[in-house]
């Protein structure tokens, strides 16, 4: 992968209790994402060894309500982005978790990019 930046996640936070648990504690989960590139979130979870039994991509900036979550198994954890969790806290179930992510920049690729920008700037 030639990505300058990758998303890194290590734990999940329960929307109701605030409990933090390592992602390795989870096996089968459902996941939702209402962000610009939901597949990136789902792929990140799968790369970490989490089996996604059901996923649903929502529109970016989706307004959430309980009706949108009836299709999910109430006995299975539901993962979502931190951005989506903010919109779901008022009606969250006990097994809903958000996964905070950090952007990890590849130092070598960043250096290459800055050098290329400098070259282009000097060509003008």
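Figures for the structure shown
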item: Sequence-separation-based contact order of the chain, relative, with Cα cut under 8 Å and 6+ spacing, percent; result: 35 percent
item: Top of 113, 45, 23 by mean-square fluctuation, Gaussian network on the chain, Cα under 10 Å; result: 113
item: Degrees separating the helix 38-47 axis from the principal Cα axis of the chain, which is the longest one; result: 80 degrees
item: Among (1) 127; (2) 169; (3) 118, the entry derived from the coordinates for volume of the Cα convex hull per residue in Å³; result: (1)
item: Segment residue 62-residue 115, extension gain: residue separation times 0.36 nm, minus the distance between their alpha carbons; result: 15.2 nm
item: Using a Förster distance of 22 Å, the FRET efficiency for residue 20-residue 93 (Cβ separation, nearest 0.05); result: 0.80
item: Angle between the chain longest axis and helix 107-123 axis [Cα atoms, degrees, rounded to 10]; result: 50 degrees
item: GNM result for the chain, Cα springs below 10 Å: residue of 79, 64, 41 fluctuating most strongly; result: 64
item: Choice from 71, 82, 108 with maximal GNM fluctuation in the chain (Cα, 10 Å cutoff); result: 108
item: Residue order, fewest to most surrounding Cβ atoms within 10 angstrom, among 101, 29, 8; result: 8, 101, 29
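None of the figures in this text is laboratory data; all of them are computed from the coordinates on show. All of these numbers come straight from a predicted model, not from anything done at the bench. Glycine also receives a Cβ, built like all others from the backbone with ideal geometry; neighbour counts cover every protein chain displayed.
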